[in-house]
Amino acid sequence: MSVDNEVRRPTTETDEPGWEVEPNDDWGVAVVATVGRQLRLRREAAGLRAGEFGEAVGYGEDLVYKIEGGKRIPRPEYLDRADEVLGAGGLLAAMKEDVGKVRYPKKVRDLAQMEGRAVELQLYDPLNVHGLLQTPEYARGLLLMRRPAYTGDEVDRFIAARVARKSVFERDPAPELSFVLEEWTLRRPLGGRALVRNQLEHLLEVAQLRNVELQVMPMDREQHAGLAGGIEVLKFEDGSVVGRSPAMANGRPVTEARQLRILELRYGIIRAQALTPRESTAFIEQLLGDT
């Protein structure tokens, strides 16, 4: 098969940080291995050596071997270019959907799957604006502050995962969503005032949704039931419930009735101690005016 003469700078392995497959992600390992096998079989059928193919698609030979061996997750543009070079008629490019899901860490995928099935979500994050409420720009600002620093690809991967989880707002019928935010997370200008303004505006938009209750916990409260850490309680149509908190079972999901009662008790008290949804909206509007 002939390859066009377009000049491309081969991308080396070091240009691809953060794209390794998680070894404990059985489904992800299987997907990447299958995609790699298809790429190798089609390349060999086209009579191209790994180096020749790498030059054609714009990536280094070592990376080609890693992708074909299921050791590295291919980028979407890699699959697009491979489909074009190998004349696959869209079959390789069609793998982008499953490969795209593998980009997200397994624990994030599992969480997104549960959120996608839940009919009611009760969410409290004492450290940051909750991930489901973050704008991509705000999320990027937070991720860039992490030390030791994430690589650029890791930041993009985490942001993509958070954006994908936002599909919970688009479901029909919509789930009931309850959020409690800490005042200090709204006041601290992480990433700059312009970024925070956009985040506050987004919170006001979300607060207008009929299925969303958004509350703010003021800093001047003398009593606070959330000092033990964040809380997530997800309820499903069949009556089952899953909870999670760093203060319980080392942050692993719990389903035992006694543990769930404790989480729901804490969350209920937190909501009672926070501003009402209407008061919270007015408070955010005031912060926006001062920012």
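The values are calculated or read from the model by the stated rules, or taken from the named source; none is laboratory data. Since this is a predicted model, take the numbers as computed values, not measurements. Here Cβ is always computed from backbone atoms with ideal geometry, including for glycine, and neighbour counts include all displayed protein chains.
Does the range 82-102 hold any residues that are under 26 Å from the mean Cα position of the chain (by Cα) and not acidic (Asp, Glu), and which are they?
Within the range 82-102, LEU92, ALA93, ALA94, MET95, LYS96, VAL99, GLY100, LYS101, VAL102 qualify.
Quick grid of which residues meet (1) surrounded by fewer than 18 Cβ atoms within 10 Å (Cβ to Cβ); (2) of a type in the set (Gly, Ala, Ser):
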{"position": "ALA174", "(1), (2)": "yes, yes"}
{"position": "GLY191", "(1), (2)": "no, yes"}
{"position": "VAL196", "(1), (2)": "no, no"}
{"position": "ASN211", "(1), (2)": "yes, no"}
{"position": "HIS224", "(1), (2)": "yes, no"}
{"position": "LEU227", "(1), (2)": "yes, no"}
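For the subset of the range 266-278 comprising residues that are without any contact (Cβ under 8 Å) to a residue 24 or more places away in the chain and within 20 Å of ASP125 (Cβ to Cβ), which member is nearest to the chain's Cα centre (by Cα)?
Checking each candidate, the answer is GLY268.
Which residues, taken from the range 94-115, are modelled with pLDDT of 80 or more and among the β-branched types (Val, Ile, Thr)?
VAL99
So for the range 34-55 (the condition being in contact with a helix residue (DSSP H, G or I) (Cβ under 6 Å, 6 or more places away or on another chain) and modelled with pLDDT under 90), does at least one residue qualify?
Taking every residue of the range 34-55 in turn, none turns out to be in contact with a helix residue (DSSP H, G or I) (Cβ under 6 Å, 6 or more places away or on another chain) and modelled with pLDDT under 90.
Residue by residue, here is whether (1) polar (S, T, N, Q); (2) assigned to a loop (DSSP other than H, G, I, E, B); (3) in contact with a Cys (Cβ under 8 Å, 6 or more places away or on another chain); (4) at negative phi holds:
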position	(1), (2), (3), (4)
LEU209	no, yes, no, yes
GLN215	yes, no, no, yes
LEU265	no, no, no, yes
LEU288	no, no, no, yes
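When GLU201 is evaluated against the numbered criteria (1) in contact (Cβ under 8 Å) with a residue 40 or more places away in the chain; (2) part of a loop (DSSP other than H, G, I, E, B), which criterion, by number, is the only one it fails?
Checking GLU201 against (1) in contact (Cβ under 8 Å) with a residue 40 or more places away in the chain; (2) part of a loop (DSSP other than H, G, I, E, B), the one that fails is (2).
Considering only the range 260-287, state which residues are of a type in the set (A, V, I, L, M), within 15 Å of VAL206 (Cα to Cα) and surrounded by 17 or more Cβ atoms within 10 Å (Cβ to Cβ).
Listed by number, the list holds a single entry, ILE284.
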